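The values are calculated or read from the model by the stated rules, or taken from the named source; none is laboratory data. Treat the numbers as computed from the prediction; the structure is a model and nothing was measured. Note that we place each Cβ from the backbone using ideal geometry, even for glycine, and neighbour counts take in every protein chain shown. Only protein heavy atoms, including side chains, enter the accessible area calculation; ligands, DNA and RNA are left aside. Shrake-Rupley method; radii C 1.70, N 1.55, O 1.52, S 1.80 Å.
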Amino acid sequence: MPHQADWKEKFEMEKRNLTKLLPDAIIHHIGSTSVKGLAAKPIIDIMIEVPRLESIDDRTEEFSQLDFVGKGENGIPNRRYFYKGEGNERAVHLHIFPYGIDHVIRHIAFRDYLRVHEWEAHQYGELKSRLAKKFPHDMEGYIQGKDHFVKDLEKKALDWHKKNKREGNEDS
């Protein structure tokens, strides 16, 4: 769907609740809902960096009280994954990693690159919209359809991120 102004507000609400639970964490809004103007599935992706991933394993009940369902690593080493909402009511994906690992850098670089490079964000949104129409009930087809574009974009984003970091423009 087209970008919705309330996605940022939804992220901020979740961030407030998660900050109470994890006061030493760094909480990021990532994914397509974090890029103004980008079409997206209406699911807020949140990435959290924590000092020790093991501390998350001891807090499953606390996440459950916030309506999050824990799925462990869920296919990605050094991650804890949670979601909120079932089926078509899925509202939030929560990805928790140790501070600064490659997965964190990759997500931040991709998000920031799309925020700065509006034309490429527009192209990505157009591709996602075409694929959503082509594969309305085939998530694997949708993912495969954007795989090459995303990998190329991710490489550009990581190169751009490294260059900006070297030049001291981390907030670009």
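Can you pull out the residues in the stretch 137-166 that are in a loop (DSSP other than H, G, I, E, B) and open to solvent by 100 Å² or more (accessible area, probe 1.4 Å)?
The initial filter retains those residues of the stretch 137-166 that are in a loop (DSSP other than H, G, I, E, B), namely 137-138.
If the condition is that a residue be in a loop (DSSP other than H, G, I, E, B) and open to solvent by 100 Å² or more (accessible area, probe 1.4 Å), then 137 is the only one that fits.
In the stretch 44-101, which residues are part of a helix (DSSP H, G or I), on the phi < 0 side of the Ramachandran plot and open to solvent by 20 Å² or more (accessible area, probe 1.4 Å)? Walk me through it before giving the result.
Step one: filter the stretch 44-101 for residues part of a helix (DSSP H, G or I), giving 54-57, 60-65, 87-89.
Next, only the ones that are on the phi < 0 side of the Ramachandran plot stay: 54-57, 60-65, 88-89.
Selection gives 54, 55, 57, 60, 61, 62, 64, 65, 88, 89.
Out of everything in the stretch 108-136 that is modelled with pLDDT of 95 or more and closer than 29 Å to residue 69 by Cα, what residue ends up being surrounded by the most Cβ atoms within 10 Å (Cβ to Cβ)?
Among residues in the stretch 108-136 that are modelled with pLDDT of 95 or more and closer than 29 Å to residue 69 by Cα, the one surrounded by the most Cβ atoms within 10 Å (Cβ to Cβ) is 110.
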